[in-house]
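Here the structure comes first, spelled out in structure tokens, and everything after it is commentary.
The values are calculated or read from the model by the stated rules, or taken from the named source; none is laboratory data. Small disclaimer: the values here were computed from a predicted structure and weren't measured. In this analysis, Cβ positions are derived from the backbone assuming ideal geometry, glycine residues included, and neighbour counts consider all displayed protein chains.
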Amino acid sequence: MKVGKHFFKLQEAFRVDHGKNFRLNNYGPADIRGHYSKQEAEDLLLESVRVMQDLQDMLYAQNQWAMLLIFQAMDAAGKDGVIKHVMSGVNPQGCQVYSFKQPSAEELDHDFLWHSNRRLPERGRIGIFNRSYYEEVLVVRVHPEFLTRQHLPPQVVHRNIWKERFEDIRNLESYLTRNGIVVRKFFLNVSKPEQRRRFLARLEEPEKNWKFSEADVNERGYWRQYMRAYEDMIRHTATPQAPWYVVPADHKWFMHVVVSSAIIETLEGLKLAYPKVDRERRKELQAARERLEKNAQG
């Protein structure tokens, strides 16, 4: 199966450019909308990996744009898997992956964007954030007691703190866009029953035991609060320059092709090309060729 125009349009159904009227209930975790069968999706992913290889090679060679991919989700939604499968053909030299865990003491002594800003991708590279600064309006909002660990002055911890953080995030992403860093954000939308099934699989399969965390199970008790926080986050931070993709995650094979479609469509839109060689450089290359051909034996 070849990557065609229909593949590029696949991501459109899940893209949120303007969050004002966003409702999470309109995006079902299992809603694959009849696009592909599992086998078709898996074949298409293999082809899209090859397409992405070429695009990433040009991105790296051109050395003008950078891309930042942000993945947010409830536990067991498949963040690690989507990065592994969708980015499997990318040259590691041109890709940087960071997984953000609980903040360290050093990070807590800085502003909430500091730890992620230090890891923004260089020009020509794709940066991937497995979780990100968005945790500061998700887990910290669901557990406001975490704010006390951030050593903030009492005057700035008020009822509008979340709106102010949304504004700070929008401003950051606008700044990045204006500096050639393209931002694309993915909420991998898994259902609560499917999360439970995956947790049980981690317990039943010895090779997956290491993935299981009792803390993840405890967070299920805050499911409604998290869904409200995700909805509010997308509503306040989805923009045409830095859109969210609300990707159904109950079927991993479909999730993979939606994410791949969004990345390829974005890279295609950058009009990437290999650097052109000017006349003087072409003469230098020709001279180098002639010297090498004269010394064919050594």
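Contact map, the stretch 247-269: residues that are closer than 15 Å to M67 by Cα paired with residues that are of a type in the set (D, E, K, R) and in a strand (DSSP E or B), Cβ distance under 8 Å, separation 6+ or inter-chain. Pairs shown: A262/R15; A262/R184; I263/R184; T266/R184.
Of a type in the set (V, I, T) and either free of Cβ contacts under 8 Å to residues at least 40 places away in the same chain or more than 26 Å from R118 (Cβ to Cβ) (or both): which single residue out of V137, V142, V190, V183 fits that description? Write out each step before concluding.
Working: V137 fails: either free of Cβ contacts under 8 Å to residues at least 40 places away in the same chain or more than 26 Å from R118 (Cβ to Cβ) (or both); V142 fails: either free of Cβ contacts under 8 Å to residues at least 40 places away in the same chain or more than 26 Å from R118 (Cβ to Cβ) (or both); V183 fails: either free of Cβ contacts under 8 Å to residues at least 40 places away in the same chain or more than 26 Å from R118 (Cβ to Cβ) (or both).
Unique residue meeting the criteria: V190.
For the stretch 8-56, filtering for residues that are hydroxyl-bearing (S, T, Y) and either in contact with a strand residue (DSSP E or B) (Cβ under 9 Å, 6 or more places away or on another chain) or at positive phi (or both) leaves 1. Given the residues R149, R170, R196, R184, which is the only one that is part of a helix (DSSP H, G or I), within 25 Å of L69 (Cα to Cα) and in contact with a helix residue (DSSP H, G or I) (Cβ under 9 Å, 6 or more places away or on another chain)? On inspection, the qualifying residue turns out to be R170. In summary, helices (runs of 4 or more DSSP H) completely within the stretch 38-110 and bearing 2 or more residues that are crowded, with 22+ Cβ neighbours inside 10 Å occur at 38-62, 79-86.
Within the stretch 252-298, the set of residues being assigned to a loop (DSSP other than H, G, I, E, B) and under 20 Å from V16 (Cβ atoms) is empty. R282 meets the conditions (1) surrounded by 11 or more Cβ atoms within 10 Å (Cβ to Cβ); (2) at pLDDT 95 or above in every case but one. The failed one is (2). The single condition among (1) part of a loop (DSSP other than H, G, I, E, B); (2) within 24 Å of the chain's Cα centre (by Cα); (3) not hydrophobic (A, V, I, L, M, F, W, C) that E219 does not satisfy is (1).
The set of residues from the stretch 107-163 being of a type in the set (D, E) and under 25 Å from the mean Cα position of the chain (by Cα) comprises E107, D111, E122, E135, E136.
Every condition in (1) on the phi > 0 side of the Ramachandran plot; (2) at pLDDT below 95 holds for F212 except the one numbered (1).
Name the single residue that is surrounded by the most Cβ atoms within 10 Å (Cβ to Cβ) among those in the stretch 10-29 being farther than 11 Å from H236 by Cα and polar (S, T, N, Q). Ranking the qualifying residues of the stretch 10-29, first place goes to Q11. Output the residue which, of all residues in the stretch 122-171 that are over 26 Å from A76 (Cα atoms) and in contact with a strand residue (DSSP E or B) (Cβ under 9 Å, 6 or more places away or on another chain), is surrounded by the most Cβ atoms within 10 Å (Cβ to Cβ). This residue is R125. Collect the residues in the stretch 1-37 that are within 30 Å of Y274 (Cα to Cα), part of a helix (DSSP H, G or I) and either touching an Asp or Glu at 6+ places or on another chain (Cβ under 6 Å) or not aliphatic (A, V, I, L, M) (or both), keeping them in residue-number order. K5, H6, F7, F8, K9, Q11, E12, listed by residue number.
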